[in-house]
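Presented below is the structure to which this report refers.
Just so you know, all these numbers are worked out from the coordinates, no wet-lab data involved. Since we're looking at a predicted model, the values are computed, not measured. When we count neighbours, we look across all protein chains shown, and the Cβ atoms used for this are built from the backbone with ideal geometry, even at glycine.
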Amino acid sequence: MNKHAIMYRNLSQEDLIKSGAFSLPMAIDALKRSLIQYRDNEILFPEKIVQVFNEETNERINCLPATLLPEKLCGVKWVSVFPPNPVKYGTQNLSAIITLSSIENGYPVCVMDGTLCSNMRVAAVGALAADLLARQDAESIGFIGAGEQAKMHLLGMKSVRPNLKVCRVAAKTVEDERIFVKSVKPLFPDMEFVVCNTVLEDAIRDSDIIVTATSAQAPLLKPEWIKKGAFYSHVGGYECDYRVIQMADKLVCDDWDVVKHRLSTITRVYKEGLITDSDISGNLVEIFDGSRPGRESDDEFIVFSAAGLSYVDIAIAHDMFRRSEEKDAGTMVALQEKMVFEHENLAEFVEI
Ligand SMILES: NC(=O)c1ccc[n+]([C@@H]2O[C@H](COP(=O)([O-])OP(=O)(O)OC[C@H]3O[C@@H](n4cnc5c(N)ncnc54)[C@H](O)[C@@H]3O)[C@@H](O)[C@H]2O)c1
């Protein structure tokens, strides 16, 4: 091969799944590693670039770079969020592509589907928070919202709390709830699934772990439904009654400085002056590294809210890439076979 050839591995979602890269334990390990690396200034994490195409619907494409210095890898997630897609075309809202480059020579080494990684990251973050903050003996989980994030969250939660036995789900339509059960039941034949026929309260009462992951912007989760000692992972935008945030014994975020500038329920409560910075019990990394306490009693009600930290996507993408590479999965693609002026008969093709 010409020494100027540049090759990269192309990994479709199917390549990733078949090569064993759809692994929640692997994603959680990558998350843990990257939280510590970021704390120790071993990750470069520049500002994201956001391009909004429709202010009303918030259709956008974001460009999210990060560099993992110890892994010598620089990556970027190019992610589109088109909220009208499900209703307008019956297709998914989010799609992403990730490019990884070596920082030894700067060349790209991998282009992969980023939707799987992105969704795994959201679930891994919720799962690590649950591992640190949910009761050890949690046996039941209740979902409001039954979409992609909810499904992936169940996988994450089950990897940190394998004793979960009952899963209740409530969504906007019974159809959404049924699709949820149909998708995840084959993965967990030991679990009991309860479709709540859009009665949100039925999904929440008696649940040790609560997840809201909806496209709604409304106070769906009510404080009076919440069981003593529950852990609540708030995934979407505005999804719970303000009193749920106010009654929490602990409020934990992936990164409060980031969450503070977003549009989640906790941010609204903060902006209305109902909580202050001192009400935040810590960031996920501080609970993980032990510098702040996690759960201190079985009775505490703990809320976790995440804004999403995209350096974690790149850390997970790195591990997915390595695992797929070990299996020689995907397709090797030539970005170039030689340098521009090394091509023969260039005069036949070039326009001057
Ligand atoms: N925190 C993060 O890092 C992060 C990352 C990605 C997505 N998200 C957010 O997670 C949320 C869910 O995303 P998704 O990909 O699962 O969406 P999705 O479109 O796949 O699913 C949305 C779900 O919300 C339910 N829903 C909508 N309105 C409802 C209502 N009034 N009552 C009950 N259920 C209702 C629908 O039935 C559906 O099951 C979105 O708000 C998204 O922006 C957060």
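Ignoring lysines fewer than eight residues from LYS327 along the same chain, the ones with Cα atoms less than 19 angstrom from its Cα are LYS18. Summed over qualifying helices (DSSP H, 4 residues or more, each -39500 (n - 2.57)) and divided by its residue number, the chain shows a 222 nm mean residue ellipticity of -9500 deg cm²/dmol. Inter-part distance, the range 327-351 to the range 1-70, computed on C-alpha centroids, equals 26 Å. Each of SER23, SER34, SER291, SER324 was scored by other Cβ atoms within 10 Å of its Cβ. Listed from fewest to most, they are SER291, SER23, SER324, SER34. Summing charges over all other residues whose Cβ lies under 13 Å from the Cβ of LYS172, with Lys and Arg as +1 and Asp and Glu as -1, gives -3.
For the range 134-305, evaluate the Debye formula with one uniform point scatterer on each Cα (no solvent term) and list log10 I(q)/I(0) at q = 0.13, 0.16, 0.17, 0.20 Å⁻¹, rounded to two decimals. Scattering profile of the range 134-305, log10 relative to I(0): -0.59, -0.91, -1.02, -1.38. Taking amide H as placed 1.01 Å from N in the peptide plane, LYS227 has its amide H under 5 Å from the amide H of ASP206, SER207, each at least 5 places away in sequence or on another chain.
Its Cα centre serving as origin, the chain has a Cβ charge dipole (Lys and Arg +1, Asp and Glu -1) of approximately 460 debye. Of the GluC sites (Glu not before Pro) found in the range 8-105, those that fall in a DSSP loop while having at most 10 other beta-carbon atoms within 10 Å are GLU47, GLU55, GLU56, GLU104. Pairs of lysines in the range 134-305 whose Cα atoms sit within less than 18 Å of one another amount to 16, provided the residues are eight or more positions apart or on different chains.
Rg of the Cα atoms in the chain, relative to 2.2 N^0.38 Å, amounts to 1.06.
Straight-line reach from LYS338: taking Cα to Cα under 16 Å and skipping same-chain neighbours fewer than 8 places apart, the lysines in range are LYS3. Each of PHE53, PHE82 has some number of other Cβ atoms within 10 Å of its Cβ, and from fewest to most they run PHE53, PHE82. Looking at the range 300-352, the pairs of alpha carbons with a distance over 12 Å make up 79% of the total. A cut-off under 15 angstrom between Cβ atoms defines the neighbours of LYS72, and their net charge, with Lys, Arg +1 and Asp, Glu -1, is -3.
Of all beta bridges DSSP finds with both residues in the chain, what is the antiparallel percent, to the nearest 5? Rounded to the nearest five, the antiparallel share is 55 percent.
In the range 255-338, taking the dipole from charged Cβ atoms about the Cα centre, the farthest positive-side position among VAL259, VAL333, VAL269 is held by VAL333. Across PRO46, PRO65, PRO189, mean-square fluctuation computed from a Gaussian network of the chain (C-alpha pairs under 10 Å connected) peaks at PRO189. Would you mind pulling out the separation of the Cα centroids of the range 74-88 and the range 272-317, in Å? Rounded to whole Å, the Cα centres lie 26 Å apart.
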